[in-house]
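Here is the structure we will look at, set down as structure tokens.
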Amino acid sequence: MSIRLENLNYVYSPGTAYEKHALKDVSLTIPHGEFVGIIGHTGSGKSTLIQHLNGLIRATSGQIYYNEENIYQDGYNMKELRSQVGLVFQYPEHQLFEIDVMTDVCFGPKNQGLTLDECRERALEALRLVGLKEKYYKASPFELSGGQKRRAAIAGVLAMRPRVLVLDEPTAGLDPKGRDDILEQIAYLHRQTDMTVILVSHSMEDIARYADRIIVMNHGEVMYNDEPKKVFAHFRELEEVGLAAPQVTYIMHDLKERGLAVDTGVTTVEEAADEIMAAMR
Amino acid sequence: MIRDITIGQYYPAKSVLHRLDPRVKLVSTLLYLISLFLFKSIPGYIMATLFLFGVIRVSKVPFKHIVKGLRAVVMLLMITVIFNLFLTRDGAVLFHKWIFTITEGGLRTAVYMTIRLIYLIIGSSLMTFTTTPNELTDGIEKLLYPLNKLHVPVHEVAMMMSIALRFIPILLEETDKIMKAQIARGADLESGNMIQRAKSMIPILVPLFVSAFRRANDLAMAMEARCYRGGEGRTKMNPLHYKTRDRIAYIVVIVYVIGVFFVGRYVPLGIWIF
Ligand SMILES: Nc1ncnc2c1ncn2[C@@H]1O[C@H](COP(=O)(O)OP(=O)(O)OP(=O)(O)O)[C@@H](O)[C@H]1O
Ligand SMILES: [Mg+2]
């Protein structure tokens with residue numbers, strides 16, 4: 001069970017003045033059950049990359065294997081792939097359309113050909129998983145706040161019971177509390193089920209906290225693909241491409257330079273606190 | 001996907017044509033379109049062709065790009081050909097079977113109407129390829145300015161046009177994203193009969209309308225926040241002024257139109273070749 005990309009290239013509007021080589025020779029393997037973070041500057045090709053994972057856009061060249069099966073081969077069941085790889089887009093406004101939240105969340109399961117009862121059952125389960133309060137189930141999706149819309153949109157994809165959940169900046173435009181809530185909820189989902197989670201984000205802090213592995217994109221190329229602390233060790237290079245390591249990385253490096261024997265590889269504030277406490281003792 | 005529609009979309013390049021005053025391009029396009037109907041003989045067509053190709057060369061828009069834009073109107077061209085071919089009864093009969101009759105006159109009209117239509121479309125799309133929507137509405141506003149005296153709200157109409165034009169690519173992009181979001185949830189947009197397909201558009205149309213209204217609202221608010229009060233007393237950041245190259249362009253076009261008129265009328269090569 002894995003997703004494997006081989007030498008993926010994608011060019012937007014080839015042969016026109018707007019031609020844009022958005023992905024360059026991307027090769028990756030994402031094993032099942034992993035929590036992967038994708039980060040990169042604006043326009044580095046993150047959204048383009050993840051839209052390949054469920055076949056929404058077709059690579060200009062290169063191959064994608066889902067469970068060792070080439071998704072570009074003739075007769076490959078794209079519909080099945082799309083129900084296994086659930087993709088939540090950046091803006092919930094792009095997918096909410098039904099008269100109430102419940103019906104909207106049912107849209108995915110209904111397309112999978114489930115009966116009405118099964119749809120409702122799955123919708124309820126998904127809505128509970130994302131932590132949307134019950135009083136909103138019958139509300140119009142357009143009356144919800146930004147954070148609630150986002151939850152409804154995630155539920156709409158979760159209700160299809162995907163094996164892989166891909167989220168494109170699920171925290172954009174949320175307040176710190178809303179952001180933490182959503183990310184906690186996603187991390188909880190990841191622990192509860194054996195789902196693979198692929199999270200696109202602009203925040204190193206967020207990704208450092210949850211991801212097992214970080215993929216750093218730079219101008220359409222994969223720059224790093226490693227565990228968080230190994231990626232953050234390159235914080236100088238990250239700065240050069242307009243990113244930054246989490247602030248704790250800087251603090252730990254500073255402390256070490258000034259003679260405190262700490263491990264500079266820690267990635268979260270909690271770990272850093274423990275590490276400093278240990279060094280001070 | 002849907003963003004690959006090229007007909008009439010601005011094509012950025014550095015050419016004299018791109019730099020010309022939009023009024024020149026508007027008037028010249030109109031003159032060119034009229035000129036296509038001023039002649040009926042081969043020398044006229046040769047001149048119109050040479051002129052068009054000359055302008056294409058100057059515009060630096062790749063020929064391939066122009067032809068791609070034509071693909072969208074193939075149906076229209078086909079209909080023109082079929083109607084002219086079978087419905088014109090004029091001259092010797094070339095082909096007759098059951099209810100289909102092709103006459104020499106029909107064939108001639110079909111060929112010439114097709115050429116005219118293609119030139120018409122290329123001519124006007126050359127204008128939109130080389131002029132940004134903003135320049136275009138600026139040009140229209142200035143050209144129609146005298147109508148203000150007749151209480152035609154020229155500025156408001158031009159503003160509406162430029163907003164509408166600006167919204168087209170935004171809404172196309174939005175449609176693309178919405179379609180992807182719904183396809184990702186298993187929406188089936190292609191199969192089924194008419195009614196099913198119309199129904200499957202609902203998940204696309206609802207978010208699209210919601211977003212269009214939201215954007216319109218935001219825009220109105222943003223314009224008001226910047227004290228927009230309509231055209232009265234409003235000045236331009238880049239007022240349009242004719243420069244030497246604009247005057248030369250006018251002269252070139254007028255010479256062409258007069259030339260094509262006389263050549264089309266009086267050069268005795270009125271033979272039709274098929
Ligand atoms: N539909 C499109 N048509 C043409 N070019 C596009 C299209 N979508 C994206 N691009 C271009 O491809 C490149 C990669 O875009 P992409 O949306 O994948 O970036 P991203 O990493 O998701 O950025 P962000 O962090 O801003 O979301 C950008 O340079 C962008 O301008
Ligand atoms: Mg993006």
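The single condition from (1) open to solvent by 50 Å² or more (accessible area, probe 1.4 Å); (2) more than 22 Å from A:L167 (Cα to Cα) that A:Y72 fails is (1). Taken over the stretch A:31-46, the criterion of being crowded, with 20+ Cβ neighbours inside 10 Å and either over 10 Å from the mean Cα position of the chain (by Cα) or near ligand 2 (Cβ under 9 Å from one of its atoms) (or both) is satisfied by A:G40, A:S44, A:G45, A:K46.
Taking residues in the stretch A:267-281 that are surrounded by 11 or more Cβ atoms within 10 Å (Cβ to Cβ), and partners anywhere that are among the β-branched types (V, I, T), the pairs with Cβ atoms closer than 6 Å and at least 6 places apart or on different chains are A:V269/A:V248; A:A272/A:V248; A:A272/A:V266; A:E275/A:V262; A:E275/A:V266; A:A279/A:V262.
If the condition is being open to solvent by 30 Å² or more (accessible area, probe 1.4 Å) and outside any helix (DSSP H, G or I), then the stretch B:103-136 contributes only B:T132.
Restricting attention to the stretch A:62-116, the residues that are in a helix (DSSP H, G or I) and either within 12 Å of chain B (Cβ to nearest Cβ) or at positive phi (or both) add up to 19.
Just one of the listed residues (B:Q196, B:Q182) is open to solvent by 80 Å² or more (accessible area, probe 1.4 Å), within 13 Å of chain A (Cβ to nearest Cβ), under 30 Å from A:K79 (Cβ atoms) and assigned to a helix (DSSP H, G or I), namely B:Q196. Counting the residues of the stretch A:121-140 that are assigned to a helix (DSSP H, G or I) and open to solvent by 20 Å² or more (accessible area, probe 1.4 Å) gives 9. For the stretch A:47-61, give me each residue that is more than 16 Å from ligand 2 (Cβ to nearest atom) and within 14 Å of chain B (Cβ to nearest Cβ). Those that are more than 16 Å from ligand 2 (Cβ to nearest atom) and within 14 Å of chain B (Cβ to nearest Cβ): A:G55, A:R58, A:T60.
Filtering the stretch A:1-27 to residues that are within 13 Å of chain B (Cβ to nearest Cβ) and not in a strand (DSSP E or B) leaves A:S13, A:P14, A:G15, A:T16, A:A17, A:Y18, A:E19.
Select from the stretch B:31-61 the residues that are touching a Ser or Thr at 6+ places or on another chain (Cβ under 9 Å) and surrounded by fewer than 18 Cβ atoms within 10 Å (Cβ to Cβ) and write down the one among them that is nearest to the other protein chains (Cβ to nearest Cβ). It comes out as B:K60. Taking the numbered list (1) away from chain A (no Cβ under 14 Å); (2) open to solvent by 80 Å² or more (accessible area, probe 1.4 Å); (3) acidic (D, E) in turn, B:E190 passes all entries but (1). Restricting the stretch B:84-102 to residues that are open to solvent by 70 Å² or more (accessible area, probe 1.4 Å) and either modelled with pLDDT of 85 or more or assigned to a loop (DSSP other than H, G, I, E, B) (or both) leaves a set whose member that is farthest from B:K14 (Cα to Cα) is B:W98.
Residues A:I39, A:I30: which one is in contact (Cβ under 8 Å) with a residue 24 or more places away in the chain, more than 10 Å from chain B (Cβ to nearest Cβ) and closer than 29 Å to A:Q148 by Cβ?
A:I39
For the stretch A:58-69, the tally of residues that are touching a residue at least 24 places away in the same chain (Cβ under 8 Å) and surrounded by fewer than 19 Cβ atoms within 10 Å (Cβ to Cβ) stands at 7.
Which of the residues that make up the stretch A:36-61 are β-branched (V, I, T), under 23 Å from A:H202 (Cα atoms) and not in a strand (DSSP E or B)? Please lay out each step first, then the result.
Step one: list which residues in the stretch A:36-61 are β-branched (V, I, T), which gives A:36, A:38-39, A:42, A:48, A:50, A:57, A:60.
When the remaining residues are screened for being under 23 Å from A:H202 (Cα atoms), the result is A:36, A:38-39, A:42, A:48, A:50, A:57.
Passing the criteria: A:T42, A:T48, A:I50, A:I57.
Set side by side, the residues A:D181, A:D206, A:D263 differ, and just one is assigned to a loop (DSSP other than H, G, I, E, B), touching a residue at least 12 places away in the same chain (Cβ under 8 Å) and among the acidic types (D, E), which is A:D263.
Open to solvent by 30 Å² or more (accessible area, probe 1.4 Å) and within 21 Å of A:D180 (Cα to Cα), is that true of A:E118? Lay out the reasoning, then the answer.
Details: open to solvent by 30 Å² or more (accessible area, probe 1.4 Å): yes; within 21 Å of A:D180 (Cα to Cα): no.
Here the answer is no, as A:E118 does not meet what is asked.
The values are calculated or read from the model by the stated rules, or taken from the named source; none is laboratory data. Just so we're clear, the structure is a prediction, and the values are computed from it rather than from any experiment. In this analysis, Cβ positions are derived from the backbone assuming ideal geometry, glycine residues included, and neighbour counts consider all displayed protein chains. Note: accessible area is taken over every heavy atom of the protein model, side chains too, but ligands, DNA and RNA are not part of it. Shrake-Rupley method; radii C 1.70, N 1.55, O 1.52, S 1.80 Å.
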